[in-house]
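Please read the structure below before turning to the comments.
None of the figures in this text is laboratory data; all of them are computed from the coordinates on show. Quick caveat, the model's predicted, so the values are computed rather than measured. Note: ideal-geometry Cβ built from the backbone for every residue, glycine included; neighbour counts use all protein chains shown.
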Amino acid sequence: MSDLEDLQRSLEALQGLIGPMKGGGFDDKLGKVSVYAGSVARSFGTCSSILGSAGPRKDPDPKKHRKVVEGQIRALRSSTANSVKFARMNLDQAMTQALEKLAPRPRSATRVEEHKRMESLQRWFDDLDDPTKAMLDHYRSTSHPLDKYLLAGPWGFEHLVKSNADLSAYYRDLCTMLKCSDPQATAVVLGYRDLARALDALEEAAKNAADALEREALSGST
């Protein structure tokens with residue numbers, strides 16, 4: 001089945017991206033990304049086996065068979081959605097860990113100061129369609145350690161994701177300015193976007209495979 005082959009290829013591509021990122025304290029979160037991604041393929045295999053996807057299933061009661069098929073496919077889609085959700089959650093947590101390692105929070109800053117600076121930056125960058133250039137320019141020009149931390153740390157990451165900005169370009173330039181010395185943290189930061197896209201591709205392949213499995217399983221029903 002070509003859809004199943006696409007699913008397997010998507011999983012292999014994702015696993016291949018994770019390998020170079022491992023180490024330096026990121027194995028736990030990245031390992032969970034791998035496990036949750038793998039569970040997408042395992043769920044499909046289990047559902048396929050249950051439905052007897054090798055050919056149209058013969059059932060003396062076609063209506064009952066249809067209900068069984070539709071129930072199994074719903075469960076498969078739900079399982080896939082949950083697995084991808086938790087994979088993304090762990091990937092984001094790995095990214096946050098890496099950013100905090102490369103750009104640690106200033107110890108002298110209070111939480112009140114951090115909140116005020118965060119609100120100020122939020123108002124500024126919220127008005128921009130693509131805040132990437134402005135954020136990089138401000139990082140270069142500011143001498144405020146808290147601003148630098150916010151722009152390079154988890155807040156900047158969350159803001160860029162929300163803005164659908166080009167994360168690859170942003171972190172490539174930022175790592176140059178930071179003179180990133182931690183190879184594993186740098187690998188996570190620079191590889192985040194490709195891995196996130198690989199998860200998107202896996203999710204799409206799983207959707208297509210589930211659609212094909214449902215059509216095949218129902219092909220003998222009326």
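Tabulated values for the structure
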{"item": "Longest DSSP-loop-exposure-free segment, trypsin sites (Lys or Arg not before Pro), the chain, at most 11 other Cβ within 10 Å", "result": "108-178"}
{"item": "Residues of type lysines that LYS67 reaches as a straight line, Cα spacing below 16 Å, ignoring anything fewer than 8 places off in the same chain", "result": "LYS58"}
{"item": "Gain upon complete extension [LYS22, LYS85; 0.36 nm per residue less C-alpha separation]", "result": "20.6 nm"}
{"item": "Spatially proximal lysines relative to LYS116 (Cα-Cα < 19 Å; intrachain offsets below 8 disregarded)", "result": "LYS148"}
{"item": "D_trans [Stokes-Einstein, Kirkwood Rh over alpha-carbon pairs] for the chain, 4 °C, 1.567 mPa s, µm² s⁻¹", "result": "66 µm²/s"}
{"item": "FRET efficiency, SER108 to ASN164 (Cβ-Cβ, R0 45 Å, nearest 0.05)", "result": "0.85"}
{"item": "Candidates HIS159, HIS65, HIS144, ranked by Gaussian network fluctuation over the chain, Cα under 10 Å, top entry", "result": "HIS144"}
{"item": "Angle between the chain longest axis and helix 62-102 axis [Cα atoms, degrees, rounded to 10]", "result": "20 degrees"}
{"item": "3J(HN,Hα) from dihedral phi, region 35-49, Karplus parametrisation 6.51/-1.76/1.60, rounded to Hz, x for glycine, proline", "result": "5, 5, 5, x, 5, 4, 5, 5, 5, 5, x, 5, 5, 4, 5"}
{"item": "Region 111-184: Rg to Rh, with Rh as the Kirkwood radius over Cα pairs", "result": "0.95"}
{"item": "Cys with no candidate disulfide partner in the chain (beta-carbon separation under 4.7 Å rule)", "result": "CYS47"}
